Amino acid sequence: MATATSLPVATPVGIPVREILPWAIFGGLLLILGIYFIGVEEGAAALFNGMYVHEFVHDGRHLLGFPCH
């Protein structure tokens, strides 16, 4: 005769927004900084002299659709 057994079900653990919010803000600031360096760091708005940052992220600019020529 067969007996029915039930498998234990894992219950999801809730993560409070208080714990996620600082990391979300930090990640957002990093993303904004990255978009600045990839999309804007060139010419008159440049923070650094020369074209070092532009040349370093040049292919990323084209990949994301930013014109640079």
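The values are calculated or read from the model by the stated rules, or taken from the named source; none is laboratory data. What you see is a predicted model; the values in this text were computed from it and never measured. Glycine also receives a Cβ, built like all others from the backbone with ideal geometry; neighbour counts cover every protein chain displayed.
Candidates are the residues of segment 1-50 that are of a type in the set (V, I, T) and closer than 30 Å to F66 by Cα; the one that is modelled with the lowest pLDDT is V40.
Evaluation of I38 against the conditions (1) surrounded by 10 or more Cβ atoms within 10 Å (Cβ to Cβ); (2) free of Cβ contacts under 8 Å to residues at least 24 places away in the same chain shows that the sole unmet condition is (2). Report yes if G27 is of a type outside the set (A, V, I, L, M, F, W, C) and surrounded by 10 or more Cβ atoms within 10 Å (Cβ to Cβ), otherwise no. Taking the combined requirement at face value, the residue satisfies it. In this entry, R61 passes the filter for residues that are touching a residue at least 12 places away in the same chain (Cβ under 8 Å) and either of a type in the set (V, I, T) or out of contact with any strand residue (DSSP E or B) (no Cβ under 6 Å at 6 or more places or on another chain) (or both).
The residue pairs whose first member lies in segment 6-23 and is surrounded by 10 or more Cβ atoms within 10 Å (Cβ to Cβ) and aromatic (F, W, Y), whose second member is outside any helix (DSSP H, G or I) and modelled with pLDDT under 90, and whose beta carbons are closer than 6 Å, counting only pairs six or more residues apart or on different chains, do not exist in this structure.
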